[in-house]
Structure formats: C-alpha cells, structure tokens
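Below is one structure, written out as structure tokens, with a few remarks after it.
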Amino acid sequence: MRAPDFWYRPPGLRAQVLRPLGALYAYGTARRIASANPADLDVPVICVGNVNAGGTGKTPTVIALIERLKDRSLTPHVVSRGHGGRITGPHRVDARADVADDVGDEPLLLAAFAPTWVSRDRAGGAQRAVTDGADIIVLDDGHQNPALRKDISLVVVDAARGFGNGHVLPAGPLREPLDKGLSRADLLLSIGNEKAQGRFDGLTELPAGLPHLTGQLAPIQTGMDWQGLRVLAFAGIGIPEKFFATLRSLGADIVKAEPLDDHQQLSDALLSRLSNEATTLGAQLVTTEKDAVRLPASFKSQVLTLPVRLEVKDWSALDQLLDRL
C-alpha cells in the first residue's frame, strides 16, 4: 500500500473525519507500550525505527549502522519482524537458500551485511542472536514494539516529507503522536538533500536536546554509465519517486517509471508485462536493491540494480552514545 497523498498536505476534511480513528490507534499503541515488560538482554540493543508509517530510509540506515559497529570491532546481528514473509521465527536468514516470500525482502537484503534474524517475537529472536554470537543487536524497526529494552533508539524520517500532516493513522502517517514518539528517541536522523533538510528544519520543531543527524542516499559508483540509457524503472519501496529521481540525476532516460506498493509481490504476470513493455520501448529494466531480492532467479539477468548507501554528515552524536555502552 502506498501512502495517501492527503497525509502529506495540510490537514483537510478527510484528515479531520479520520481523527477519531487516529485517536483510537494512538491509545492502543500507548497502552501496549505502557503495559509491557521489556526483556533485558546481556548485550546492547540499538533500535532503528520511525514514527511515520512507510518508507523513511530505515534499511539504508541499518546497513550504515552495521558498518559503523563493525568498525568498532563489534559483531552486530540484526533482528527483524520480516514484513511480508511467511516465517515467524526465530530464524536466521540464509541469503543463499531463503526467498523473500519466506523471510521478507529487507531481511534478505540485510543478511548480506550481517547475520539477520526474522522473528515475530523480537525478544526471542534477539536472544537467539546473542546465543549465536552477537555482542550487539540492531533492531530493524520496532520503535513502537516494547518487547526489548533499547539502549539507543534512532528515529529515521524522510526530510522531504517530514511528519506529514501530524495526524495518527489513518488520518495521517504517524504511528503515534509525534511528541510521544520523539520522547523515547535518543537520536533523530533526517534523510534528504540540502533543500529537503532546509524545509524539514523550517517546518519541524524538535524536542529540546534531541540530537539531530542529517544524511542523504547516494548511489554506489559501480562503473555503470547511466548517461542516456533508456530505462524502464520499477520500485516497490516506501517512496518510489526517490529512486526515479536518483536515476535521473545520473543521466538515465526514464521512458517509463512504474511505482509499486511497498513490498509488493513481483508476480509472474507483473514481470512478464514489465519485460514486454521494456522490449517494446527499447528500454533496460532497472530496480532497487530491495526489489531485486524479490526477483525470481530466472528473471534477475534481465534487470539492472542501482544500489545506494546512506552518507551521514556527522556521526559524532551517535558515536558519543556508542562510547557509553
């Protein structure tokens, strides 16, 4: 499901009508958090989460965090719910044998960077990771999940969209009221270019004392020359337009952009249609890393992947918190 446009416009009639449902959603989230008894592990837990529903850049953030922890000679394991996968876990993802339908696309991608566990029971999955050698846990999503005590909570937000109209689901994009969500955060990371960061700063009042990191996604230089390449681009991520914009910035000629729902299944019928359209248009199929892991093995050779990585301007606020663990 893609985010409704009215979530990111000034509150109108539709948002106002849905506000009572948002209040119920917020009440349920607050009650679940307040009544929980979080498990306390023998190793630190860093949660990369959000207050918004939908794409904010959590997966690139987790990858960047993994690399930073490895630089400190730590052994991070990732614990994820495995959105879209059938396995409830705890299950350690095997990137060579598992498929996205079983474990979810994000865990399958993350498993290339660190041992990754899928578990609906976050505490159970984290404990299995510790038994398997983890000396620090990276919780992929879970800011509103109270199963584990968190040592560091990093909230990620897309700088261009910010926190939308400020309302809670379904009246807006928030999983809980913004003040409640940010009160449990140790850091905020906004992801976007300088223009988007300036807009975010101008529209968003953050809690006093909350460290604010800024970063942006940058394509990896693989040697691929995108300039003038005719492409049919498809993306099933939170904000597909960001992927299309990155391709255009590299000089690709997007003859068709196909936005898909986040985590959308890449059915045989869909892939056949995209392949036929690309042939008709004389275009190369291109997608994201997260979508690429959902492709059937027989189709992967037809599709180019554009990988991106998170570049953070200044990690010092996170480093200070890591030094205290």
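Overview of results
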| read-out | value |
| --- | --- |
| Residue ID - nearest to the chain's Cα centre (by Cα), chosen from residues in the range 80-108 that are hydrophobic (A, V, I, L, M, F, W, C) and not in a loop (DSSP other than H, G, I, E, B) | Leu108 |
| Qualifying residues in the range 15-38 (those that are within 23 Å of Gly142 (Cβ to Cβ) and of a type in the set (D, E, K, R)) - the one surrounded by the fewest Cβ atoms within 10 Å (Cβ to Cβ) | Arg31 |
| Any hit, the range 137-148, residues being over 24 Å from Ala36 (Cα atoms) and either crowded, with 22+ Cβ neighbours inside 10 Å or touching an Asp or Glu at 6+ places or on another chain (Cβ under 7 Å) (or both) | no |
| Residues (assigned to a helix (DSSP H, G or I) and small (Gly, Ala, Ser)) located in the range 54-79 | Ala64 |
| Test: residue in the range 149-158 that is touching a Phe, Trp or Tyr at 6+ places or on another chain (Cβ under 7 Å) and within 27 Å of Lys313 (Cα to Cα) | yes |
| Pick from the range 76-127, criterion polar (S, T, N, Q) and in contact with a helix residue (DSSP H, G or I) (Cβ under 8 Å, 6 or more places away or on another chain), ranking: surrounded by the most Cβ atoms within 10 Å (Cβ to Cβ) | Thr116 |
| Residue count for the range 139-191, restricted to those that are charged (D, E, K, R) and over 23 Å from Pro11 (Cα atoms) | 7 |
| Complete set of residues in the range 254-286 that are at positive phi and crowded, with 17+ Cβ neighbours inside 10 Å | His263 |
| Test result for Arg199, in a helix (DSSP H, G or I) and closer than 23 Å to Asn52 by Cβ | yes |
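Values quoted throughout were computed directly from the atomic coordinates according to the rules given, and no laboratory measurement underlies them. Owing to the predicted nature of the structure, the values given are computational and were not obtained by experimental measurement. Quick reminder, even Gly has a Cβ in these numbers, built from the backbone with ideal geometry, and neighbours come from all protein chains shown.
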